[in-house]
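Step one of this worksheet: look at the structure below.
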Amino acid sequence: MLLLPKFDYEEPKSLPEALAMLSELRGKGRVIAGGTDLIVNMKKGTVKPACLVSLKKVDGLREIVGENGALAIGSHVTVSQIAESDQVASAFPVLARSASGLGSPLIRNRATIGGNIVTARPAADLPPALIALGAQVELRGNGKDRKVPLDGFFTGPGSSVIEPGEVLTEIIVPAAPPFTGGDYIKLGHRAALEIAIVAVASRLTLDKPDGVIVDARIVLSSVAPTAVHAVSAEKALMGQRPSEELFAGAASLAVADCSPITDIRGGAEYRRDMVNTLVKRTLLKAYHDAAGVKGGGA
Amino acid sequence: MKKLITFRVNDREYEIAVAPNRTLTQVLREDLNLLGTKEGCGVGDCGACTVIVDGKPVNSCLVLAVQADGSDITTIEGVARGDSLHTVQQTFVEMGAIQCGFCTPGMVLSATSLLDKNPRPTEREVREAISGNLCRCTGYQKIVEAVQEASRRMKK
Ligand SMILES: Cc1cc2nc3c(=O)[nH]c(=O)nc-3n(C[C@H](O)[C@H](O)[C@H](O)COP(=O)(O)OP(=O)(O)OC[C@H]3O[C@@H](n4cnc5c(N)ncnc54)[C@H](O)[C@@H]3O)c2cc1C
Ligand code: FES
Ligand code: FES
């Protein structure tokens with residue numbers, strides 16, 4: 001049996017109290033949300049906080065609030081809540097799809113969106129979808145609050161711009177423009193309990209249903225130290241009229257936009273092939289939705 | 001330092017002092033002597049430790065007992081009605097969905113939670129619901145059939 005080392009545990013009743021506590025702990029404290037990453041890492045001995053600060057009793061972190069097509073998602077909203085939310089499914093199906101593929105139902109019932117972001121795994125499921133949707137995160141610190149685009153939040157495997165003592169409170173997903181569609185595909189060895197070998201989130205916006213592409217976002221996951229944009233592929237799509245040939249061209253450019261490694265889950269060569277295939281597939285679906293759905297289908 | 005927690009387990013109230021580094025699996029097994037909950041991997045992969053917390057099946061090896069303060073918990077010991085097995089348990093026994101039995105408590109809890117919210121699941125939905133519960137023995141087919149048979153019987 002894997003035993004946990006000794007630590008303290010606190011349940012502050014408000015955010016200011018939690019922030020004061022974290023700042024007093026000077027980097028020796030950690031927020032615990034669902035614990036599905038943290039407890040595993042503590043059992044394996046890779047992180048050793050002296051005190052866990054649970055935000056369980058802090059109000060307002062567990063709601064999904066929608067306004068004019070945008071969503072504000074509290075950091076402690078669970079992955080199952082996102083996967084099962086009609087509001088998420090109708091406004092941002094890409095996010096719903098990425099949530100329903102995370103872990104197993106048991107994990108999804110505990111895992112939170114905030115934990116999935118802050119833990120900064122290169123293969124995490126929610127960040128690519130959220131980046132493609134242009135999400136921002138709200139970080140509250142002792143004395144300073146800031147909003148940061150998720151694009152640029154991650155700095156490497158396990159690291160991000162969040163500072164010790166800061167709490168991620170909310171994820172803000174802006175309303176999608178009209179004629180927008182998207183898709184997320186995760187490739188794993190089995191359907192459940194498998195982190196991605198390769199995952200791709202794409203989103204396209206057209207100027208009118210049979211028009212040209214005015215915005216293209218392709219986010220690749222598990223093929224670089226953090227989720228990355230397929231920059232040259234995105235460029236190649238801008239201003240163009242959608243077609244299968246165009247998407248095939250973009251997909252082959254995307255292969256050069258990433259730097260996959262070989263590990264036990266897959267070889268670099270295989271990952272490059274899959275980037276090609278998944279980019280093509282997600283773009284086709286994104287286009288299909290963008291042309292057919294008014295008011296945003298990503 | 002130990003913390004005082006209160007929770008309901010299988011409809012019984014408990015008030016106990018626990019150290020923050022003890023998991024819910026440990027406290028259920030070691031303090032409450034509810035040995036039906038198994039610990040396999042300890043890191044969320046196998047589902048042997050599945051219990052229902054506030055209506056949702058979770059891996060109890062990844063829940064600190066202190067986090068369960070104020071919760072309502074069901075373990076496998078709370079599933080049967082007195083001496084008669086729950087329909088899901090009965091179909092598992094009848095249909096060969098149990099071999100060594102190590103995964104069974106977790107499987108049964110994932111299956112009963114599914115049937116509570118979706119009394120007529122498709123085969124795919126059954127497979128999805130038990131996808132966090134590993135079984136080394138049965139090959140899953142008989143488990144899926146047992147859950148589907150339980151769903152038919154419970155409808156009547
Ligand atoms: C068996 C298993 C399978 C998994 N499969 C997947 C998978 O397929 N895809 C995937 O993406 N992930 C997977 N995970 C990883 C994990 O479940 C997710 O990353 C989950 O979303 C983490 O959320 P949590 O609430 O459990 O985080 P926690 O473990 O509580 O926290 C994770 C980290 O984030 C910090 N943190 C949490 N919330 C905040 C906050 N609000 N502010 C500041 N810091 C915070 C914590 O201090 C900690 O460092 C899996 C894990 C397990 C055990
Ligand atoms: S013991 Fe908890 S999932 Fe394996
Ligand atoms: S019956 Fe042996 S592990 Fe499932």
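For chain B, take N as its residue count and report Rg(C-alpha) divided by 2.2 N^0.38 Å.
Compared with the compact-globule rule of thumb, chain B sits at 1.03.
Taking a virtual spin label 7 Å from the Cα of B:L35 along the C-beta vector, which residues in region B:81-100 bring their backbone nitrogen under 20 Å of it?
Within reach of a label on B:L35: B:83, B:99-100.
Please list 3J(HN,Hα) in residue order for region A:272-289, calculated via the Karplus relation 6.51 cos²θ - 1.76 cosθ + 1.60 where θ = phi - 60°; whole Hz, with x for glycine and proline.
For region A:272-289, the Karplus curve yields 4, 4, 5, 4, 3, 5, 6, 4, 4, 5, 5, 5, 4, 5, 4, 4, 4, 5 Hz.
Given a Förster distance of 51 Å, report the FRET efficiency between B:V43 and A:K235 from their Cβ-Cβ distance, rounded to the nearest 0.05.
For B:V43 and A:K235, the calculated efficiency is 0.75.
I'd like the Karplus ³J(HN,Hα) series for region B:43-49: coefficients 6.51, -1.76, 1.60, θ = phi - 60°, whole numbers in Hz, and an x wherever there's a Gly or Pro.
Ordered by residue, 3J(HN,Hα) equals 10, x, 8, 9, x, 4, 8 Hz.
Can you give the relative contact order of region B:16-154 as a percent, counting alpha carbon pairs under 8 Å and 6+ residues apart?
About 25 percent, as a whole number.
Could you pull out every residue, at least 5 positions away or on a different chain, whose amide H is within less than 5 Å of the one on A:L55? Hs are placed 1.01 Å off N in the peptide plane, and Pro or chain starts have none.
Excluding prolines and chain starts, which carry no amide H, the hits are A:I32.
With r as the distance between the Cβ atoms of A:D210 and A:K28 and R0 = 45 Å, compute the FRET efficiency 1/(1 + (r/R0)^6) and round to 0.05.
Step by step, r from the Cβ atoms, then E = 0.15.
Summing both sides, how much accessible area is buried between B and A? Use a 1.4 Å probe and give Å² to the nearest 100.
Numbers: alone 8380 and 13710 Å², together 19500 Å².
The B and A chains share an interface burying roughly 2600 Å².
For region A:26-101, what does the accessible surface come to per residue with a 1.4 Å probe? Please give it in Å².
43 Å²
Please report the net charge: other residues with Cβ closer than 15 Å to the Cβ of B:K2, K and R +1, D and E -1. Don't skip to the answer; put the middle values down first.
Values: positive: A:K6, B:K3, B:R22; negative: A:D8, A:E10, A:E11, B:E15, B:E30, B:D31, B:D69.
Counting the neighbours of B:K2, the net charge comes to -4.
Please say if region A:152-298 is rounded, prolate or oblate, where rounded means a/c under 1.5 for a ≥ b ≥ c the square roots of the C-alpha gyration tensor eigenvalues, and otherwise the choice is prolate for a/b larger than b/c and oblate otherwise?
In terms of gyration-tensor shape, oblate.
Can you list residues from other chains, or at least 5 along the same chain, whose modelled amide H is less than 5 Å from the amide H of A:D207?
Under 5 Å from the amide H of A:D207: A:V212, A:V214.
Can you pull the one-decimal nm distance between simple spin-label points at A:K44 and B:K155, each 7 Å off the Cα toward Cβ?
4.4 nm
Looking at the square roots a ≥ b ≥ c of the eigenvalues of the Cα gyration tensor of region A:118-176, which shape do they give, rounded for a/c under 1.5, prolate if a/b is larger than b/c, or oblate?
Judged from the Cα gyration tensor, region A:118-176 comes out oblate (a/c at least 1.5, b/c at or above a/b).
What is the local net charge at A:D183, summed over the other residues whose Cβ is closer than 9 Å to its Cβ (Lys, Arg +1; Asp, Glu -1)?
Result for the local shell: +3.
Seen from all sides and averaged, what is the projected area of the convex hull of the Cα atoms in chain A, in nm²?
15.1 nm²
If the label point is 7 Å along Cα→Cβ of A:T155, which residues in region A:8-37 have backbone nitrogen under 17 Å from it?
The answer is A:27-28, whose backbone nitrogens lie closer than 17 Å to the label point.
Rounded to the nearest 500, what is the protein assembly as shown's calculated 222 nm mean residue ellipticity when only DSSP H runs of at least 4 contribute -39500 (n - 2.57) each, over all residues?
Values: 15 runs with 144 residues, N = 454.
Calculated at 222 nm, the ellipticity per residue is -9000 deg cm²/dmol.
With point charges of +1 on the Cβ of Lys and Arg and -1 on the Cβ of Asp and Glu, referenced to the Cα centre of region B:24-84, which listed residue (B:N33, B:V43, B:A68) lies farthest in the positive direction of the dipole?
Positive-end residue among those listed: B:V43.
What share of Cα pairs, in percent, lie more than 14 angstrom apart in region B:112-156?
When every Cα pair of region B:112-156 is considered, 43 percent fall beyond 14 Å.
The values are calculated or read from the model by the stated rules, or taken from the named source; none is laboratory data. Fair warning: this is a prediction, and the values are worked out from it, not measured in the lab. Every residue, glycine among them, receives a Cβ derived from its backbone with ideal geometry; neighbour counts consider all protein chains shown. Areas reflect the complete protein model, heavy atoms only, side chains present, ligands, DNA and RNA absent. Shrake-Rupley method; radii C 1.70, N 1.55, O 1.52, S 1.80 Å.
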